[in-house]
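Peer 1: What follows is a single structure, and I will ask about it in a moment.
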């Protein structure tokens, strides 16, 4: 059986399932898998990293084995993962899943990835490892606020929207200017032709208080499940630092700050320090959820499902039913 998704007279190749952090995306995706022959493609920039399981709310081993998952645990936390890499990998996954007669379900909360896959990427030069290394070495000597000031002198528009410690984006903006001699801000909006239309199901709570409570409960559970030990193990590797994109993920960044204040990783965190980590993590998670919802509201033609509704599963399945059109073929 080949699964196709139709809207009007156009056939789509996949379905997206997006939502803010803690909105229940994984549970809904696994429920969908009980009713339709799907394979899940991860659309979360944190889940690509190996060794970061608890703080990213990564699906459990049992969940990963119950349904085929793609683009999870594919990158060491020492290496960044870009939207361009995601689009290329996700496009390949979609084709492979389709060839097996199954439906690709794109699940996650990194809205930039969804947008890049649906609308195409800004037409930017490819990364130059040598230029990037030179910029990073300079930043180690001078600090990222100084690099941010350099960026402001050549690309004030981009510098204005970036905080002084956003190492990844400052580095990329400086790299682009060094490669082609033009500011990054002058290139944004010029998209390439690699885009893919697909319907997007959006899990959105009607009550912000409900989402905040879910965030608090989940962060508490992460700490109980061993988030402290997980970050301690990552720090013990010796090749990670807080400016890496992986370590700037919500929860890890705040924990790294608290552990740095502890001065000695061999000394257990005090209850007060754990409480501080919890409070900083919850605040950062709420801010992330707010940004995610803002992204979602800008995405037209999305199909909204009340994530805090009493019949969220039924509503999600009904939405899928309305989108999916099945037709038999000789595909084995």
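Peer 1: Can you tell me how many residues within region 97-137 are in a helix (DSSP H, G or I) and over 22 Å from the mean Cα position of the chain (by Cα)?
Peer 2: 11
Peer 1: Restricting attention to region 155-174, which residues are surrounded by 18 or more Cβ atoms within 10 Å (Cβ to Cβ) and part of a helix (DSSP H, G or I)?
Peer 2: Those that are surrounded by 18 or more Cβ atoms within 10 Å (Cβ to Cβ) and part of a helix (DSSP H, G or I): 158, 159, 167, 170, 171, 172, 173, 174.
Peer 1: Going by the structure shown, is residue 266 free of Cβ contacts under 8 Å to residues at least 24 places away in the same chain, out of contact with any helix residue (DSSP H, G or I) (no Cβ under 9 Å at 6 or more places or on another chain) and surrounded by fewer than 13 Cβ atoms within 10 Å (Cβ to Cβ)? Can you show your working first?
Peer 2: Values: free of Cβ contacts under 8 Å to residues at least 24 places away in the same chain: yes; out of contact with any helix residue (DSSP H, G or I) (no Cβ under 9 Å at 6 or more places or on another chain): yes; surrounded by fewer than 13 Cβ atoms within 10 Å (Cβ to Cβ): yes.
Yes.
Peer 1: If you go through region 115-133 one residue at a time, how many are out of contact with any helix residue (DSSP H, G or I) (no Cβ under 8 Å at 6 or more places or on another chain) and either modelled with pLDDT of 90 or more or within 30 Å of residue 25 (Cα to Cα) (or both)?
Peer 2: Within region 115-133, residues that are out of contact with any helix residue (DSSP H, G or I) (no Cβ under 8 Å at 6 or more places or on another chain) and either modelled with pLDDT of 90 or more or within 30 Å of residue 25 (Cα to Cα) (or both) number 4.
Peer 1: Given the residues 224, 286, which is the only one that is buried (at least 18 other Cβ atoms within 10 Å of the Cβ) and part of a helix (DSSP H, G or I)?
Peer 2: On the way: 224 fails: buried (at least 18 other Cβ atoms within 10 Å of the Cβ).
Testing whether each residue is buried (at least 18 other Cβ atoms within 10 Å of the Cβ) and part of a helix (DSSP H, G or I) leaves just 286.
Peer 1: Quick one: in region 289-314, which of the residues that are assigned to a loop (DSSP other than H, G, I, E, B) and in contact (Cβ under 8 Å) with a residue 60 or more places away in the chain is surrounded by the fewest Cβ atoms within 10 Å (Cβ to Cβ)?
Peer 2: Applying the first criterion (assigned to a loop (DSSP other than H, G, I, E, B)) to region 289-314 yields 299-301, 307-311.
Now narrow it down to the ones that are in contact (Cβ under 8 Å) with a residue 60 or more places away in the chain: 299, 301, 307-309.
Working: 299: 16, 301: 9, 307: 24, 308: 18, 309: 16.
Checked region 289-314; the qualifying residue surrounded by the fewest Cβ atoms within 10 Å (Cβ to Cβ) is 301.
Peer 1: Still on this structure: Can you tell me which residues in region 30-43 are farther than 19 Å from residue 96 by Cα and either surrounded by 22 or more Cβ atoms within 10 Å (Cβ to Cβ) or not assigned by TED's automatic domain parsing to the domain that holds residue 93 (or both)? Break it down into steps so the answer makes sense when it comes.
Peer 2: Quick first cut of region 30-43, residues farther than 19 Å from residue 96 by Cα only: 30-32, 34-35.
Within region 30-43, just 32 meets the criteria.
The values are calculated or read from the model by the stated rules, or taken from the named source; none is laboratory data. This one's a predicted model, so the numbers in the text were calculated from it and none came from an experiment. Note that each Cβ is placed from the backbone with ideal geometry, even for glycine, and that neighbours are counted across all protein chains shown.
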